[in-house]
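S.K.: Submitted below is the structure of interest, expressed as structure tokens.
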Amino acid sequence: MEDISLRLPPARLLRWEIVAVFALSLGASALNALLDLIGSLLSKQSLGHQQALLVGPLAVNPWLDLALQVAGIAEALTPVLLVLYLLARSGERTSDIGLDASQPGTDAARGALLAAVIGGGGLLLYIAAFHLGLSLNVVPESLPAVWWRVPVLLLSAAHDGLLEEVVVLAYLLRRLDQLGWAPWKAILLSAVLRGSYHLYQGFGAFVGNAVMGIVFGILYKRWGRCMPMVIAHTLIDAVAFVGYAALHGKVSWLP
């Protein structure tokens with residue numbers, strides 16, 4: 001039964017709220033990713049001979065580059081701010097989606113375990129998809145070797161964890177639950193959306209992230225907390241970004 005203290009808008013407005021949030025954030029990213037994939041498929045080069053760069057330089061001047069990197073990360077987090085505002089307006093707290101520091105030890109342990117399992121499996125899937133020609137050559141970063149390189153990569157990883165897990169996992173599943181959706185349908189929609197905005201990397205990224213979305217969705221429903229998934233996602237991307245910077249050109253198995 002829904003908490004009577006909540007001030008939820010009518011179901012029709014809740015649906016419009018969801019559409020508006022995703023039209024301004026990851027829904028638009030999904031459309032752009034699909035168009036990017038179509039462009040890659042229409043190219044004369046195979047997917048394996050094309051690159052998908054995740055974090056690259058934005059200016060020649062290193063100080064301007066740093067400013068643009070930090071500003072871009074901050075601006076890209078505005079959908080999280082919007083979601084938190086919408087929750088607060090409806091009388092909901094961040095703790096209602098498990099976005100708080102009430103269980104730091106448990107959240108960290110769960111997040112680290114998830115990162116090890118999902119991250120390791122994702123890497124194997126990416127390598128297999130790349131060699132099968134189903135994925136572009138994903139280049140996690142190409143920043144210059146300056147002092148702020150690693151801090152910016154870590155900030156980018158934290159951005160990814162917060163944006164995706166707060167918006168596409170916790171917020172979307174909570175709103176769909178309030179609209180009366182069956183849990184499996186809501187988890188499936190969230191997972192497909194998660195995979196779709198990674199399509200610019202190829203089919204392997206779609207499958208891998210959709211599977212990750214199903215696992216995260218099931219665990220979110222069980223735990224009622226998104227913090228473990230925020231931590232896991234941040235760790236996965238941090239290892240990918242910093243690990244690539246450290247290993248690229250030094251190991252044979254990394255494309």
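S.K.: Given a Förster radius of 22 Å and the C-beta distance between Asp100 and Leu24 as r, what FRET efficiency does 1/(1 + (r/R0)^6) yield to the nearest 0.05?
M.R.: On the way: r = 25 Å, r/R0 = 1.13.
After rounding to 0.05, the efficiency reads 0.35.
S.K.: Using the Karplus curve 6.51 cos²θ - 1.76 cosθ + 1.60 with θ = phi - 60°, what ³J(HN,Hα) values do you get for each residue of segment 149-158, in whole Hz, with x for Gly and Pro?
M.R.: Per-residue couplings from phi come out as 4, 5, x, 5, 5, 5, 5, 5, 5, 5 Hz.
S.K.: Of the peptides 197-210, 69-82, how do they stack up when ordered by the mean number of other Cβ atoms within 10 Å, highest first?
M.R.: So the order, starting with the most tightly packed, is 197-210, 69-82.
S.K.: If you don't mind, there's one more thing I want to ask. What residues from segment 212-236 fall in the zone where the backbone N is under 19 Å from a label point 7 Å along the Cα-to-C-beta line of Val150?
M.R.: Output list for this probe position: 234-236.
S.K.: Using a Cα-Cα cut-off of under 24 Å, which lysines could be cross-linked to Lys185, ignoring same-chain neighbours fewer than 8 residues away?
M.R.: Straight-line reach from Lys185, under 24 Å: Lys221.
S.K.: Let me ask another. Amide H of Gly91 versus every other amide H placed in the peptide plane: which residues, excluding those fewer than 5 positions away on the same chain, fall under 5 Å?
M.R.: Arg7
S.K.: Quick one: dipole size for segment 156-255, taken about the Cα centre, charges +1 on Lys/Arg Cβ and -1 on Asp/Glu Cβ, in debye to the nearest 20. Mind dumping the intermediate values first?
M.R.: Details: 8 positive and 5 negative charges, 55 e Å.
Here the size comes out at about 260 debye.
S.K.: Right, something else. When only the heavy atoms of the protein chains count and the probe is 1.4 Å, how do Lys44, Lys250, Lys185, Lys221 rank by accessible area, highest first?
M.R.: Numbers: Lys44 210, Lys250 155, Lys185 100, Lys221 80 Å².
The ranking, largest first, comes out as Lys44, Lys250, Lys185, Lys221.
S.K.: Also: Given a Förster distance of 30 angstrom, what is the FRET efficiency for Ala109 paired with Leu34, based on the Cβ-Cβ distance and rounded to 0.05?
M.R.: For Ala109 and Leu34, the calculated efficiency is 0.25.
S.K.: Using a 1.4 Å probe, what is the accessible area per residue for the chain, in Å²?
M.R.: 51
S.K.: Moving on to the next point. Which length gain, in nm to one decimal place, applies between His131 and Val251 when the Cα-Cα distance is subtracted from 0.36 nm times their residue separation?
M.R.: Net length gain for the segment: 41.6 nm.
S.K.: Trp184 to Trp16: extension gain in nm, 0.36 nm per residue of separation minus the Cα-Cα distance? The partial results should precede the final answer.
M.R.: Numbers: separation 168, 0.36 × 168 = 60.48 nm, distance 2.17 nm.
Using 0.36 nm per residue and subtracting the Cα-Cα distance, I get 58.3 nm.
S.K.: May I pose another question? With each pseudo-label sitting 7 Å past Cα toward Cβ, what's the Leu6-Leu124 distance in nm, one decimal?
M.R.: Reported label-point gap for Leu6 and Leu124 is 3.9 nm.
S.K.: Please give, to one decimal in nm, the separation of the simple spin-label points placed at Glu75 and Val60, each 7 Å out from Cα toward the Cβ.
M.R.: 2.2
S.K.: A further question on this structure: Where the centre of each part is set by its Cα atoms, how far does segment 8-74 sit from segment 110-130, in angstrom?
M.R.: Rounded to whole Å, the Cα centres lie 22 Å apart.
S.K.: In whole percent, and with a 1.4 Å probe on the protein chains, what portion of the accessible area of segment 96-255 is carbon and sulfur?
M.R.: 73
S.K.: Could you give the dipole magnitude of the chain about its Cα centre, charging the beta-carbon of Lys and Arg +1 and that of Asp and Glu -1, in debye to the nearest 20?
M.R.: Charge dipole of the chain: 400 debye, to the nearest 20.
S.K.: Separate question: Magnitude of the Cβ-charge dipole of segment 1-105, K/R +1 and D/E -1, about the Cα centre, nearest 20 debye? Write down the numbers at each step before the final one.
M.R.: Working: 6 positive and 9 negative charges, 59 e Å.
In total the dipole reaches around 280 debye.
S.K.: Okay, moving on. Show me, for segment 31-47, the HN-Hα J-couplings you get by feeding each phi into the Karplus relation (A = 6.51, B = -1.76, C = 1.60, θ = phi - 60°), rounded to Hz, glycine and proline as x.
M.R.: 5, 5, 5, 5, 5, 4, 5, 4, x, 5, 5, 7, 5, 6, 8, 5, 4
The values are calculated or read from the model by the stated rules, or taken from the named source; none is laboratory data. None of the values given here were measured: they were computed from a predicted structure. All Cβ positions, glycine included, derive from the backbone under ideal geometry; neighbour counts span all protein chains shown. Protein only, heavy atoms only, side chains kept; ligands, DNA and RNA dropped before computing areas. Shrake-Rupley method; radii C 1.70, N 1.55, O 1.52, S 1.80 Å.
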